[in-house]
1. Of all residues in the stretch 130-149, count the ones that are in contact with a strand residue (DSSP E or B) (Cβ under 8 Å, 6 or more places away or on another chain) and of a type in the set (A, V, I, L, M, F, W, C).
2. State the number of residues belonging to the stretch 234-264 that are assigned to a helix (DSSP H, G or I), open to solvent by less than 10 Å² (accessible area, probe 1.4 Å), among the hydrophobic types (A, V, I, L, M, F, W, C) and closer than 13 Å to GLU209 by Cβ.
3. Search the stretch 342-354 for residues that are more than 17 Å from ARG375 (Cβ to Cβ) and pair each with any residue that is open to solvent by 40 Å² or more (accessible area, probe 1.4 Å) and part of a helix (DSSP H, G or I) when their beta-carbon atoms are under 8 Å apart and the residues are at least 6 apart or on different chains.
4. Where in the stretch 315-387 are there helices (runs of 4 or more DSSP H), lying fully within it, with 2 or more residues that are among the aromatic types (Phe, Trp, Tyr) and open to solvent by less than 70 Å² (accessible area, probe 1.4 Å)?
5. Just need a number here: residues in the stretch 265-280 that are assigned to a helix (DSSP H, G or I) and farther than 21 Å from ARG315 by Cα.
6. Restricting the search to the stretch 57-85, which residues are at pLDDT 95 or above and acidic (Asp, Glu)?
7. Considering MET303, MET283, which residue is surrounded by 15 or more Cβ atoms within 10 Å (Cβ to Cβ), assigned to a helix (DSSP H, G or I) and in contact (Cβ under 8 Å) with a residue 60 or more places away in the chain?
8. Is there a residue in the stretch 134-142 that is open to solvent by less than 20 Å² (accessible area, probe 1.4 Å), under 21 Å from THR63 (Cβ atoms) and either within 17 Å of the chain's Cα centre (by Cα) or modelled with pLDDT under 95 (or both)?
Amino acid sequence: MKVYLVGGAVRDRRLGLPVRERDWVVVGATPQELLSQGYKPVGRDFPVFLHPVSKEEYALARTERKTGPGYTGFETCSDPTITLEEDLRRRDLTINAMAETPGGELIDPYGGAEDLDNGLLRHVSPAFAEDPVRILRVARFAARFANMGFRVAHQTNALMRQMVENGEVDHLVPERVWSEFARALQAKTPERFFDVLYGCGALARLFPEIEPLYRQAPPARHGHEGAFPALRASVALDADPAIRCAALGCDISRCAGAAFDSRRLETMCTRLHAPTAWRDLAMLALRHRERIHAAATLPAAAMLDLLGELDAWRRGERFEDILLVCRADARLPDDAPGYPPAGVLRAAGQAAAAVRVDDLVAAGVDGKAIAGELRQRRIRAIREKPG
């Protein structure tokens, strides 16, 4: 029985990046042998075990055979005769198909180290075409490593285009598409995710709402840089993925105009099985961004209504997230000191919140008149706030 460190840990260590998790391949062993040593089984489709001490994943070396369409149509074989090279051959990219011995010796049968040096995302073998999830993974890796100069190999892009033409991407389930999309949004250059999908023809199939952006933004040296101004601005603000997703919705709306309203956005989020919190943030930003941009010119009553629709007092953290989305959408200069409408709305919210129901009750206002009086006093407080 031999054990090797494989995959992302080997790749990231050679790139000088933090290693967040380590995966291992076990060659020459049976499930019974690992169970006898205290490993805990966790894999359903193939034998994967948790180490009894480190809790890291140890998978028996395996091969796969395509038996049907999509990414679930595989028959997996795992037995002690399968070699490390055979196991690595089934992986997606050469940079993910390297291994290390316990002593740190590199095992690289498919040229992953050279591709790392050359900044190349290249498929390991023709078996790449059997799994459409790999198209999404290549796009995500392109987004993650674009700042390091990585690009997709021409032959790999050609193979992905062939997969799209053969209808493989049509078998991807929403959960898997969303998972890769959400992870790509965490990258420093998330727009590269869409560039790669556009380049192989998959964008129109998976994200038809985004594909029109490429017809409006002319190609640049590094993709269609002008297609995603709000998304790029949100990255510069170091915003979390939910905020970046909402900023992307603003970019789509800017391109499509009235054709991409909050209802169309909700349809998109439903199709992709987006988390409710992400969907709500994006819809609120899209629905109210124009009024938020113009907050300084709104009458006090309209400002109070806007704060209520944003649920600014009960959902203060989400309110701040919406303001951050709108700041990205405003595309302010990089050296701008802030987003003025945010300050206006915060001050209005504080002034209105200072008028409390308890004070009206203590002043003897009749119960039926409280709601109307509260509104009028809050409007007055907003109108009279300093500044």
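1. 4
2. Selection size over the stretch 234-264: 3.
3. Correct list of pairs: ALA342/ARG327; VAL344/ALA296.
4. On the way: elements: 316-330, 340-353, 357-362, 370-384.
Those helices (runs of 4 or more DSSP H) do not exist here; none qualify.
5. Filtering the stretch 265-280 down to residues assigned to a helix (DSSP H, G or I) leaves 265-272, 276-280.
Then drop every residue that is not farther than 21 Å from ARG315 by Cα, which leaves 265, 267-272.
Total meeting the criteria: 7.
6. The one that is at pLDDT 95 or above and acidic (Asp, Glu): GLU85.
7. Details: MET283 fails: in contact (Cβ under 8 Å) with a residue 60 or more places away in the chain.
Unique residue meeting the criteria: MET303.
8. No, every residue in the stretch 134-142 fails to be open to solvent by less than 20 Å² (accessible area, probe 1.4 Å), under 21 Å from THR63 (Cβ atoms) and either within 17 Å of the chain's Cα centre (by Cα) or modelled with pLDDT under 95 (or both).
The values are calculated or read from the model by the stated rules, or taken from the named source; none is laboratory data. Remember, it's a predicted structure, so these values are computed and weren't measured experimentally. Please note: Cβ atoms are built from the backbone with ideal geometry, for glycine as well, and neighbour counts cover all protein chains shown. In case anyone asks, the SASA skips ligands and DNA or RNA and just uses the protein heavy atoms, side chains included. Shrake-Rupley method; radii C 1.70, N 1.55, O 1.52, S 1.80 Å.
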